[in-house]
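For reference, the structure discussed in these notes is given below.
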Amino acid sequence: MRLPYEYAIIQAMPRIERGELINVGVILYSQRLDFLAARTHLHEDRLRCLDPHADLPAVATALASWEATCTGAGAAATMKPGERFRWLVAPRSTILRAGPVHMGLAADPATELDRLLEVLVR
């Protein structure tokens, strides 16, 4: 049985004033299955095309924090998965941000998350 989920693309915008970005991950939330996870992939050469001086280790660390927040690590420990998802996809003016939230249907959200990462990021 396919169940609804919400997802957003995680985007890197190394020079906010220019408005140029690349997709670096996907975050997926299924309320019905109590599932929240993010998968990321930083294509360093693409990011360097937007900003040759981008701090790649800092961006990679920030991406890892998105994945950790999904699992409830750190300050997110007391938050429910839905609260963590809403917090991560809230608008922000930082190098990493979430794009618009979209909906879908899937039987297995983890498999769907891997598929979305392949299609939208890699």
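Read-outs: derived from the displayed coordinates by stated rules, not from any lab. Since this is a predicted model, take the numbers as computed values, not measurements. Counting neighbours? That spans all protein chains shown, and the Cβs are built from the backbone with ideal geometry, glycine included.
Tell me the relative contact order for the chain as a rounded percent, counting alpha carbon contacts under 8 Å between residues six or more apart.
Relative contact order of the chain: 38 percent.
Grab the Cα-Cα distance for Arg92 and Ala68, subtract it from 0.36 nm times how many residues apart they are, and report the gain in nm with one decimal.
6.8 nm
Which length gain, in nm to one decimal place, applies between Arg2 and Gln31 when the Cα-Cα distance is subtracted from 0.36 nm times their residue separation?
9.2 nm
Report relative contact order for segment 51-122 in percent, whole number only (criteria: Cα-Cα under 8 Å, sequence separation at least 6).
19
When the Kirkwood radius is taken over all Cα pairs of segment 3-120, what Stokes-Einstein diffusion coefficient follows at 25 °C and 0.890 mPa s, in µm²/s?
For these conditions, the coefficient is 169 µm²/s.
What does the helix-only formula give at 222 nm for the chain: each DSSP H stretch with n ≥ 4 adding -39500 (n - 2.57), the total divided by the residues, and the result rounded to the nearest 500 deg cm²/dmol?
Result for the chain: -11000 deg cm²/dmol, rounded to the nearest 500.
Mind checking the full-extension length gain between Arg46 and Val101? Use 0.36 nm per residue of separation minus the Cα-Cα distance, one decimal, nm.
17.4 nm
Loop-only check: which GluC sites (Glu not before Pro) in segment 1-106 are DSSP coil with at most 16 other Cβ within 10 angstrom?
In loop regions of segment 1-106 (DSSP not H, G, I, E or B), the sparsely surrounded GluC sites (Glu not before Pro) are Glu20.
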